[in-house]
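What follows is a set of notes on a single structure, which appears directly below.
Please treat every number below as a calculation from the coordinates, not as lab data. Predicted, not measured: the structure shown is a model, and the values here were computed from it. Neighbour counts are summed over all protein chains in view; Cβ atoms, including those assigned to glycine, are modelled from backbone coordinates with ideal geometry.
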Amino acid sequence: MTPDFRNVDMFTRLTWASENLEPFQTDYRVIFEDPAEPDAPVKELCPSPEWMACALHGGILPSVEHQHNMKLELATEDGEKIVTTFLEAQQIYLEKKITGEKVIDYKEYLVPEPIGAMTEEQAIEYILKKDVPARVWHPDYKYNRPMYKVVKRQEIPVDQTYRDCWRLSETEEQLIAIDVERAKEVWKRKMREARTPILNKLDTDFFRAMEDGDTEKQKNIANLKRLLRDVTKLPELENAKTVKEIEAVWPDYLNG
């Protein structure tokens, strides 16, 4: 039986939960893009099994609105004091240089009213609103496409080669789209990694050819080294429009 956690601080509640509740691993994930970080790839949110156990059990966690309405006093670098809420502070942090943050009515924040048990889907919506910036999910922010999706773990691509290039797809048929220009940079890094040991060996071979007086071999090695140095500048790579076209650019001389 769950104790009556009204007027009990969160630390005591979570300690009890860790000792008495079986962790629950959800298959749900929240994937999202943060408009404040336009160059960042898709982010992935997965609640911890311990937190999920609290959410599904009930009587432990406060409402998500409790966190949203938490009163804060923010200090700016020019000495301004701003009294706001947790939800509104997210935007203020983007607009001003904040040098300090203080919770107003700290005791009230630490001893919130617990809410009842949630379904798994309700828990995911809760964690979305708790841990993802409101500019991603709040209806007051308007975008020409969704900034987040709730999906099952099995729907997320297993291949992580282009993880830093992931974007949310704008179509219903596809979950993840790959930024082709970023994918080119990933492929170029792979090319550089492949050519490094080859260049090192060619340096050794070149000196040996010099010792042997083999000018023809020196010329061939010099030509191959030039090809390797310029491999990331190949027109076929620069003009590629898809990941498949990018990966087709792999000259034989990169295989050693």
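Counting neighbouring beta carbons within 10 Å and listing from fewest to most, the residues M70, M210, M1 come out as M1, M210, M70.
Restricting segment 162-231 to GluC sites (Glu not before Pro) that sit in a DSSP loop and have at most 10 other Cβ atoms within 10 Å of their own Cβ leaves E170, E172, E173. In this structure, the amide hydrogen of L72, modeled 1.01 Å from its nitrogen in the peptide plane, lies closer than 5 angstrom to those of T84, T85, F86, I104, counting only residues at least 5 positions away or on a different chain. What the Cβ-Cβ distance of I156 and E216 gives, at R0 = 51 Å and to the nearest 0.05, is a FRET efficiency of 0.45.
Rounded to the nearest Hz, the phi-derived 3J(HN,Hα) couplings of segment 27-37 under the Karplus curve 6.51 cos²θ - 1.76 cosθ + 1.60 (θ = phi - 60°) are 8, 6, 9, 10, 10, 7, 10, 9, x, 6, 10, where x marks glycine and proline. Among the trypsin sites (Lys or Arg not before Pro) within segment 1-66, those in coil by DSSP and having at most 10 neighbouring Cβ atoms inside 10 Å are R6. Only beta bridges with both residues in the chain are counted; by DSSP, about 100 percent of them are antiparallel.
Enumerate by residue number the trypsin sites (Lys or Arg not before Pro) in segment 73-141 meeting two conditions: DSSP loop (anything except H, G, I, E, B), and at most 15 other Cβ atoms within 10 Å of the site's Cβ.
Working: sites: K81, K96, K97, K102, K107, K129, K130, R135; in loops: K96, K97.
Sparse-neighbourhood loop trypsin sites (Lys or Arg not before Pro): K96, K97.
Considering Cα pairs under 8 angstrom that are at least six residues apart, work out the relative contact order of segment 64-111 and quote it in whole percent.
On the way: 64 pairs, mean separation 20.8, N = 48.
Relative contact order here is 43 percent.
Listed by number, the DSSP H helices of the chain that run 27 Å or longer by alpha-carbon position along their axis and have mean Kyte hydropathy of at least 0.5 come to an empty list. Model label points for H68 and V180, set 7 angstrom from Cα along the Cα-to-Cβ axis, are 4.0 nm apart. One Cα centroid belongs to segment 176-193, the other to segment 134-161; the line between them spans 22 Å. Of D159, D27, the sequence from fewest to most neighbouring Cβ atoms within 10 angstrom is D159, D27. Remark: relative contact order (the chain) = 19 percent; criterion is Cα-Cα distance under 8 angstrom and separation of 6 or more residues.
In sequence order, segment 152-167 has phi-based couplings of 8, 3, 5, 7, 7, x, 6, 5, 9, 3, 10, 4, 6, 10, 5, 10 Hz under the Karplus curve 6.51 cos²θ - 1.76 cosθ + 1.60, θ = phi - 60°, and Gly or Pro positions carry x.
Applying 1/(1 + (r/R0)^6) with R0 = 30 Å to the Cβ-Cβ distance of M10 and K102 gives a FRET efficiency near 0.95. In percent, rounded to a whole number, the relative contact order of segment 180-255 is 46, using alpha-carbon pairs under 8 Å and six or more apart. Kindly state, to the nearest 0.05, the FRET efficiency for A40 paired with N239, given R0 = 25 Å and r defined as their beta-carbon distance. Computed FRET efficiency for A40 and N239 comes out at 0.40.
In this rough spin-label picture, where each label sits 7 Å from Cα along the Cβ direction, the T76-E19 distance is 4.7 nm.
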